[in-house]
Every structure is written in C-alpha cells, then in structure tokens.
Amino acid sequence: MTRGRRGRLLAALAALALVAGALAGCGGSSKPELKISAAASLTKAFNAYAQTLKNMKVAYSFAGSDALAAQIEQGVRPDVFASANTKLPSALYAKQLVEKPVVFAGNKLVLAVPAGSHIHSLEDLAKPGTTIAVGTATVPVGAYTETVLGRLSPAEKAQIAKNIRDREPSVDGIVGKLSEGAVDAGFLYATDVKAAAGKLEAIDLPPSLQPNVAYGIAVVKGTSHGAQAREFIAGLLQGAGLQELAKAGFLPPPSTG
Amino acid sequence: MRSAPGAWCSRAFAALLAACLVAVLAFLALPILAIFVHSPPSRLISALGEPTARKALLLSLETTAIAIAVILAVGTPAAWLLATRTLPAQNAMLTLIELPLVLPPAVAGIGLLAALGPEGIIGGVLSSLHIELVLQTAGVVVALVFVSAPFYIRQAHASFLALDRSVLEASADLGAREPTTLLRVALPIARPGLLVGLALAWGRALGEFGATLMFAGSFAGVTQTAPLAIYDQFATDLPAALALSAVLVAASAVLLGAIKLAGRGAAPGLPALR
C-alpha cells in the first residue's frame, strides 16, 4: 500500500467517522425523544398532535395493536403504548409491563366501501361474489368485526363469512385493498374512512350491532421519559391531542370503558 | 524487504480478517439458532399438526413450485437469447430484469396492484378474460414470479455467457440445430450455475411476504403462505410462530443443500466445464 493510497483510505475512514458522529449528534438534541407504539388507526390524529408538541419530540411506530403488544411482551420498550382496544393494555398491565391504562378515545366501526360502490347495506354483503376484507381475529378492528357478525343471525353471519376473502394485519391493509378496488367492502373505523379523503364511503351499522370501540393508552414500565409520557397522555385527555382526535373524527371515551 | 513491523502488520491483518469472519458467522447464525432454541422438536411436530400452519406450509410449497416452474420454462429461453445474441438495448433489458432484485417488496406489491389489480392498467383486460388474481392463489404465484424470477434469469444469463463458445460451435458444426444444442449441450454444461440460480429464486419465493400481502392478501388456505401465517401468529401465539419459522428454515436449508449437491458445489456464475 503506497502512502498516498493509505492517506486516502484514512481520509475516507475519517470522513465516515465524522458522518456517523454527526448522525449520532442529530439524535442527541436537547429535546427528549418519546417512542410511541400506536394503533394504525391513530396515524393521522397522532401525527397532527405531534406537530403541536413543543417540548418533546415523538417517534411513532404504527401497526396493528396486537403486533405492538406482542413486541412489548418480547421486550421491545417504547415509552407509551396506545391501543385500539382496552383489552391489550389491560393484559399488559396485568403482566406489569405497563402502568395503569386510561381510556382516551372512542370510535365507530363502519362498513367501508370504495366511493360510488353499489353496496349500501350489510345485506348487500351477503350477495354471492362480493369480496370482503377484515382484520385478523387478534387485531382490534378484526375482533370488533367478529362482534358485529356475531350479533347477526347465524344464517346471515354464514353468508357474509363466506365472502370474507382477506384478513389484514392492520387497518392500513384494509384501506389499501379498498382504495385499489381489490375488495368490494371492508370493516373499518369511521376515522379511517374520513382519513381516506373521499376515496372511501362509510355505511353506518345499525346501533344494535355497533361494538363499544374504546382506545386505551398506558405508559410503558421502565421508561426513562416518564414525565413526558404522562404529559403526552394528558394532552390527549384535554388539550391539543383531544382537539386533533376530535378533528380526525374520534369520539369521546365511552363511559363504560 | 519485509521488516519486523511489516510482519506484525500482516499478522494483525490476518487476525482482523478472522475476527470479521467470526463476527459475520455469529451474526448470521444467531437468529437462526435462536429459533431452534425456542422451539424444541416436540413443539415443531405439534405445530405442524395445527391446520393453519399445515395449510400455510402446503400453500407455500404449492405456490413456490408453480412459480419456479414458470420461471424455468420462460426464464431459461429468455436468458439464452440474451446470452447468445447481440440485441439492441441489451444492457437496458438486463437492468430491467435485475430491477426487482433491489425493489422493496411493498413497492412490488403496489406495482402489481397498479398493473394487474381490478383498477390496474391491464386489470380491465384481465377481468374481461375472467382472469382473477387479487385475493387468489394465482395472485400469490404472480407475486412470487415477479420477485424471484430475476434471481434465476440473472444467474442463467451469466452461466450461458460463461459457456465455452467452441463447444457450442462444435455442436453446430456436427449438424445440431439450436434447440438441440441448447437442450443437449448448453443446459447440461451450465447446469450447476442454473441450479444455484434456481435455489436462490426458490429461497426468495419461500420467504416472500410484502408483495404477497399487498397484491394477493392473506386468507388461510387461499393466499396465506407460511411467512404471512408467521406474522399472523406473532401477535397471538409466539411459540407457534417460532415453530413455523423453524420448519421454514429447515425446508429452506434442505432445499439449498439439495440443489447445491445436485450442482456439485459449483461457484455461482462460474459453472465448471467437464
């Protein structure tokens, strides 16, 4: 190796070290960064809420609540866990992995169809050849859908179940399949349809079928940003977060959490 | 002219190389090992008995086998043409074939939907021919072919290019037409390289997740392949997900080993002439 080449190699390594140092420096700014695992259906509202937070930075991981809870059970430690149901945070609380959860929002399950669809009611779902996307049995949106179908007559339920052709791991997948026309209908939250900005239409379910959709949130145990985590949650109960949730179409927390 | 510091330097360099190799091996082997540590053999066998897992594995075998058959049947002649002729825009064509290699699977899934989905650019043509892909097993096969074909075709092209021209010319001189030369001379000689390509393509197809989920969806027995079932079970039943993963690792390893054996360990892209 000649001196010149070695010099260039050293220079390249030094440059690499500088870049790495600069990148590391980016993360180490004075504002603490809060890591938040949140249900996919919260994406829009939570991103808007983050814009209003002045004294903390937040980094979100959006996915199906069940997958996020499984990650926490496997040792992944975000600072906050926000779920599209109360069952998962309660189960993690029972295992002492999170602090006591609170209910911070409600939502409505709706039948979602692409704009201009010929489907106008639950009865239309039973027609042969109709394709339906739902959530998997464990992701909250899928579990709520099971509740709705369970309240139908066995004959109706069987006919609709026959047309279920796709089980997605989160609401994002169902929205995607609907907006690409890959399925005729799907069960989503009212807020997902609103966030799709005109591409989708919501068909309300009869009140007797509507499940009690409640969102639970909890500080994850062992966080080093406890104060910020509690501040983030407080803002969702009254403050900028509550406003963003309302703007996105979320309902106040149901009284029977 | 090697002084003492020089000897020290080369020993240190050798140690560095060894340390890097150990790091690579440990890093790559650890997650695979962990899967087996977490799932004892008895758990593996009981996992295979679960209908969801069994359906998913069978579907994976079925769809990857069909995809590989399609890739071999169409990809081999295409690679032969590219390797034996000078075509206009040859490099552009090769780059195009290699593009899915570096494409994120989610992009592949969106692309397939935008092209072949119900509202895709040729979706109307397909539906008028009563060809349905989205939410169908056939759609899984399409996604698998898209993501894994480049692995085979690229390798086949390299293997055909590496053939000794004089052997092919001799075949022609002896009166063999091109199809005969391809089947009786080129394919047997290029076989080791082709098999390596086949193994890489099959392995990629077995592991396919993103494009399948986005284009074909996930439904047990129809479109839920083994990787999709693993993701599904991750949230509910981690031991089952680990067991299914272990089966997939074993299946992939057996596949790779068998094909390497059949190819007699030829180095990729350098099929030995015998």
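Read-outs: derived from the displayed coordinates by stated rules, not from any lab. All of these numbers come straight from a predicted model, not from anything done at the bench. All Cβ positions, glycine included, derive from the backbone under ideal geometry; neighbour counts span all protein chains shown.
A compact table of results
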{"quantity": "Paramagnetic reach from B:His38 (point 7 Å along Cα→Cβ, amide N under 16 Å) across the range A:60-82", "calculated": "A:67-77"}
{"quantity": "16 Å cut-off, amide nitrogen to a point 7 angstrom out along A:Ala158 Cα→Cβ, residues in the range A:102-140", "calculated": "A:126-128"}
{"quantity": "Length-normalised contact order of the range B:87-206 in % [C-alpha pairs under 8 Å, at least 6 apart]", "calculated": "27"}
{"quantity": "Most mobile of B:Arg165, B:Arg154, B:Arg11 in a GNM of chain B (Cα contacts under 10 Å)", "calculated": "B:Arg11"}
{"quantity": "Average projected area [Cα convex hull, the range B:162-245], square nanometres", "calculated": "8.3"}
{"quantity": "Average beta-carbon neighbours from other chains, 10 Å sphere, peptide A:165-174", "calculated": "4"}
{"quantity": "Chain A, helix-only ellipticity at 222 nm - DSSP H runs n ≥ 4, -39,500 (n - 2.57), divided by all residues, nearest 500", "calculated": "-13000 deg cm²/dmol"}
{"quantity": "Protection proxy ranking, peptides A:241-249, A:207-215, average beta carbon neighbours within 10 Å, highest first", "calculated": "A:241-249, A:207-215"}
{"quantity": "Kyte-Doolittle mean at least 0.5 and Cα axial length at least 18 Å: DSSP H helices in chain B", "calculated": "B:4-38, B:51-84, B:90-102, B:137-161, B:187-207, B:238-262"}
{"quantity": "Chain A, relative contact order [Cα under 8 Å, separation at least 6], %", "calculated": "28"}
{"quantity": "Computed FRET value (nearest 0.05) for B:Glu132 with A:Ala115, which takes r as the C-beta separation and R₀ as 22 Å", "calculated": "0.45"}
{"quantity": "Cα centroid separation, the range B:43-119 to the range B:220-253 (Å)", "calculated": "20"}
{"quantity": "Among the listed pairs A:Lys100/B:Lys55; A:Lys157/A:Lys199; A:Lys177/B:Lys55; A:Lys127/A:Lys194, those beyond 29 Å (Cα-Cα)", "calculated": "A:Lys100/B:Lys55"}
{"quantity": "Bins of 10 Å, starting at 0 and running to the largest distance - Cα pair percent for the range B:42-262", "calculated": "8, 28, 31, 21, 10, 2, 0"}
{"quantity": "Solvent-free Debye scattering, log10 I(q)/I(0), computed from the Cα coordinates of the range B:80-127 at q = 0.18, 0.23 Å⁻¹", "calculated": "-0.73, -0.81"}
{"quantity": "Net charge over other residues, Cβ less than 13 angstrom from the Cβ of A:Lys108 (K, R count +1; D, E count -1)", "calculated": "-1"}
{"quantity": "Inter-centroid distance (Cα atoms) of the range B:146-204 relative to the range A:127-147, Å", "calculated": "48"}
{"quantity": "Residue-averaged beta-carbon neighbours from other chains (10 angstrom radius) around B:117-123", "calculated": "3"}
{"quantity": "Estimated FRET transfer efficiency when R0 is 25 angstrom, pair B:Leu255-B:Ile122 (beta carbons, to 0.05)", "calculated": "0.15"}
{"quantity": "Share of Cα-Cα pairs in the range A:62-200 lying beyond 26 Å, as whole percent", "calculated": "28"}
{"quantity": "Mean separation of Cα contacts under 8 Å, 6 or more apart, over the residue count of the range B:42-262: relative contact order %", "calculated": "32"}
{"quantity": "Overall Cα dimensions of chain A, principal axis frame, Å, largest first", "calculated": "81, 44, 33"}
{"quantity": "Per residue convex hull volume, Cα atoms of the range A:62-112, in Å³", "calculated": "89"}
{"quantity": "10 Å Cβ neighbours from other chains, averaged over peptide A:133-145", "calculated": "2"}
{"quantity": "Approximate spin-label separation A:Gln51-A:Gln210, in nm, with each point projected 7 Å along Cα-to-Cβ", "calculated": "2.9"}
{"quantity": "Segments A:143-150, A:166-173, B:40-47, A:195-202 sorted - mean Cβ within 10 Å per residue, highest first", "calculated": "A:166-173, A:143-150, A:195-202, B:40-47"}
{"quantity": "Helix runs (DSSP H) in chain A reaching 24 Å along axis by Cα, Kyte-Doolittle at least -0.5", "calculated": "A:3-27"}
{"quantity": "Two-decimal Rg/Rh across the protein assembly as shown, once Rg and the Kirkwood Rh are taken from alpha-carbon atoms", "calculated": "1.04"}
{"quantity": "Mean Cβ neighbour count within 10 Å, used as a protection proxy, ranking B:74-81, A:106-113 highest first", "calculated": "A:106-113, B:74-81"}
{"quantity": "Computed E for B:Ala69/B:Ala23 - FRET, C-beta separation, R0 41 angstrom, nearest 0.05", "calculated": "0.55"}
